[in-house]
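Novice: Here it is: the structure, laid out below.
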Amino acid sequence: MKASALVLLLLCSPVLAATPRNALLDVSADVLEPGESQVNIFFGQYSRGILPGVQVSSHLTPLLISLVNVSAKVQVLDRPELRVSVEGGGYWLAAGSLLGVHVLAFPLAARGTVPLSDNLQLNLGAGYQHLALDTDGTSLNRNLLHAEATLVRHDSRGAFLLTAKAPLLNIQRTRAESVLGNRVLEGTLALDDVSAWSVMLARDHLFDKTGHVRFGIGYRHRPGVILVESIGPVMLTFDMYWR
């Protein structure tokens, strides 16, 4: 009798019912189920599960209509104690020929999710991005590497997220034609911005069964001269998405 009551309590628990594993795709290693989709309003991103453990995404917002991009996220490990996924994509500025600018970017990311309890999980991630920008007489190649950790506490109406990020590598190579003398200037610069860490506390709130609204506030440590190399330490975020 006691065992039956315990099973019934677990099945009816609002915490478990209201917090599906794939609710927080941007910080966790989870992916959408085949045929399941998600639309992010403010970031204009559409994601859809196409195969078991595979989802594809693209930004469709009018502000980025000239930016062609697509990414895929694949869950490579799905165990009760650990879930792991890898994600990669490409971005291309389609209007570059009209603007005289050519932009290519290739982001990669790996994420791991470790459940700590029924309503608490730890997400660890690392991301890499290669950016190539070319204009008349100038080219820029940048390689970025960062790490992040997010602690998520679920409840019956959503989740609280505590995220910490830190850059690990920032190398830029520039080639430009000098204004005087038509000389070509080349150089590689390794930026020591590891101290530019950030931390953010956010709330992801459920509404209308399939809707989510997320808002948060954080602090970003950006060394440099105020209003010259830094735009301020306070970070704010707001987003809405539907599953």
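Novice: Among the residues in segment 108-124, are any out of contact with any helix residue (DSSP H, G or I) (no Cβ under 9 Å at 6 or more places or on another chain), closer than 22 Å to S195 by Cα and among the charged types (D, E, K, R)?
Specialist: no
Novice: Within the bounds of segment 7-26, is there any residue that is at pLDDT 65 or above and loosely packed, with under 13 Cβ neighbours inside 10 Å?
Specialist: no
Novice: Does I65 satisfy the condition of being β-branched (V, I, T) and at pLDDT below 90?
Specialist: Spelling it out, I65 is indeed β-branched (V, I, T) and at pLDDT below 90.
Novice: Now, a different point. Here are some conditions: (1) open to solvent by less than 50 Å² (accessible area, probe 1.4 Å); (2) in contact with a Lys or Arg (Cβ under 7 Å, 6 or more places away or on another chain); (3) modelled with pLDDT of 75 or more. S230 meets all but one. Which one does it not meet?
Specialist: (3)
Novice: Looking for whichever is β-branched (V, I, T), assigned to a strand (DSSP E or B), modelled with pLDDT of 80 or more and surrounded by fewer than 14 Cβ atoms within 10 Å (Cβ to Cβ) here; the options are V56, V84, V70. Which one fits?
Specialist: Testing whether each residue is β-branched (V, I, T), assigned to a strand (DSSP E or B), modelled with pLDDT of 80 or more and surrounded by fewer than 14 Cβ atoms within 10 Å (Cβ to Cβ) leaves just V70.
Novice: Separate question: Being open to solvent by 50 Å² or more (accessible area, probe 1.4 Å) and more than 26 Å from S85 (Cβ to Cβ) is the filter here; which residues of segment 136-155 pass it?
Specialist: D136, T138, N141
Novice: Let me spell it out: the conditions are (1) out of contact with any Pro (no Cβ under 7 Å at 6 or more places or on another chain); (2) touching a residue at least 24 places away in the same chain (Cβ under 8 Å); (3) of a type outside the set (D, E), and Q121 meets all of them except one. Which number is the exception?
Specialist: (1)
Novice: Right, next: Hey, F160 hits all of (1) surrounded by fewer than 14 Cβ atoms within 10 Å (Cβ to Cβ); (2) within 25 Å of L206 (Cβ to Cβ) but one; which does it fall short on?
Specialist: (1)
Novice: Filter segment 87-100 down to the residues that are part of a helix (DSSP H, G or I) and open to solvent by 50 Å² or more (accessible area, probe 1.4 Å), then identify the one that is modelled with the lowest pLDDT.
Specialist: S97
Novice: Which residues, taken from segment 101-125, are within 15 Å of G89 (Cα to Cα) and open to solvent by 50 Å² or more (accessible area, probe 1.4 Å)?
Specialist: Across segment 101-125, the qualifying residues are L104, F106, L108.
Novice: Pick from R175, R214, R203: which is part of a strand (DSSP E or B) and modelled with pLDDT under 90?
Specialist: After ruling out the rest, the residue left standing is R175.
The values are calculated or read from the model by the stated rules, or taken from the named source; none is laboratory data. For clarity, every value in this text was computed on a predicted model and none was experimentally measured. Glycine also receives a Cβ, built like all others from the backbone with ideal geometry; neighbour counts cover every protein chain displayed. When the accessible area is computed, the model is the full protein with side chains, heavy atoms only, and any ligands, DNA or RNA have been set aside. Shrake-Rupley method; radii C 1.70, N 1.55, O 1.52, S 1.80 Å.
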